[in-house]
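Take a look at the structure below.
The values are calculated or read from the model by the stated rules, or taken from the named source; none is laboratory data. Owing to the predicted nature of the structure, the values given are computational and were not obtained by experimental measurement. No Cβ is skipped: glycine too gets one built from the backbone with ideal geometry, and neighbour counts run over all protein chains shown.
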Amino acid sequence: MFRWHAHHDVDLLREVVAVRPKSANDWNTIAANLQNAWGEEETQRSPIKGRSCKEHFDVLLAHHKAGNASALKKSGTEEQYGELQQLLDDASAYITDMQNKKTAPKARKQLQEELDRNNAKQFRDDAMVATREKNSRARDSDEETTGPYRLAISPLGQTTL
């Protein structure tokens, strides 16, 4: 298993900011870039994988968001720590933007569905009111034309009151 050190963290974050990974293939690209940059002596015992890079990045980002500076300092220099903080800020902003881009269409779609439901309900309510008024007017006009008596037609075709 590869052991991450402070200088590895900085290199990883530089790659994340440069590549801006969106998929597993992007993380594999980052791993290959790091392995090429570090050479075989550092990664000889266990090669770096994209998943390892993503998981370590997630841990760094979680510490950064929690404000856990002691976990991020490790044994790195103050200069490395400052660069690490800046890179984490950049990466965090990128991740937030990616999440917002994913959720914005969903929110827009949910809002549109809610508006459509409300419009449909209003349309149904208006139709029901219009139907009630129409039926009420029809009943009133029937009473006015026939009066209290109604005409009935018998089966033999005779009209009775």
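A compact table of results
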read-out	value
Filtered residues of segment 1-50 (kept if farther than 22 Å from residue 90 by Cβ and touching a helix residue (DSSP H, G or I) at 6+ places or on another chain (Cβ under 7 Å))	2, 35, 43, 47, 49
Residues being of a type in the set (D, E, K, R) and modelled with pLDDT under 85 - total across segment 98-132	5
Subset tally (residues that are among the hydroxyl-bearing types (Ser, Thr, Tyr) and in contact with a Leu (Cβ under 8 Å, 6 or more places away or on another chain)) for segment 76-108	2
Of all residues making up segment 1-60, the number that are assigned to a loop (DSSP other than H, G, I, E, B) and under 23 Å from residue 100 (Cα atoms)	4
Filter result (surrounded by fewer than 18 Cβ atoms within 10 Å (Cβ to Cβ) and touching a Leu at 6+ places or on another chain (Cβ under 9 Å)) within segment 12-26	17
Filter result for residue 86 (modelled with pLDDT of 85 or more and either in contact with a strand residue (DSSP E or B) (Cβ under 6 Å, 6 or more places away or on another chain) or surrounded by 10 or more Cβ atoms within 10 Å (Cβ to Cβ) (or both))	yes
Filter pass, residue 146 being surrounded by 10 or more Cβ atoms within 10 Å (Cβ to Cβ), modelled with pLDDT under 75, among the β-branched types (Val, Ile, Thr) and over 22 Å from the mean Cα position of the chain (by Cα)	yes
Flag if residue 42 is modelled with pLDDT under 90, acidic (Asp, Glu) and buried (at least 16 other Cβ atoms within 10 Å of the Cβ)	yes
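Okay, residues lined up against (1) closer than 23 Å to residue 85 by Cβ; (2) without any contact (Cβ under 8 Å) to a residue 40 or more places away in the chain:
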{"site": "5", "(1), (2)": "yes, no"}
{"site": "8", "(1), (2)": "yes, yes"}
{"site": "12", "(1), (2)": "yes, no"}
{"site": "15", "(1), (2)": "yes, yes"}
{"site": "18", "(1), (2)": "yes, yes"}
{"site": "22", "(1), (2)": "no, no"}
{"site": "26", "(1), (2)": "no, yes"}
{"site": "33", "(1), (2)": "yes, yes"}
{"site": "37", "(1), (2)": "yes, yes"}
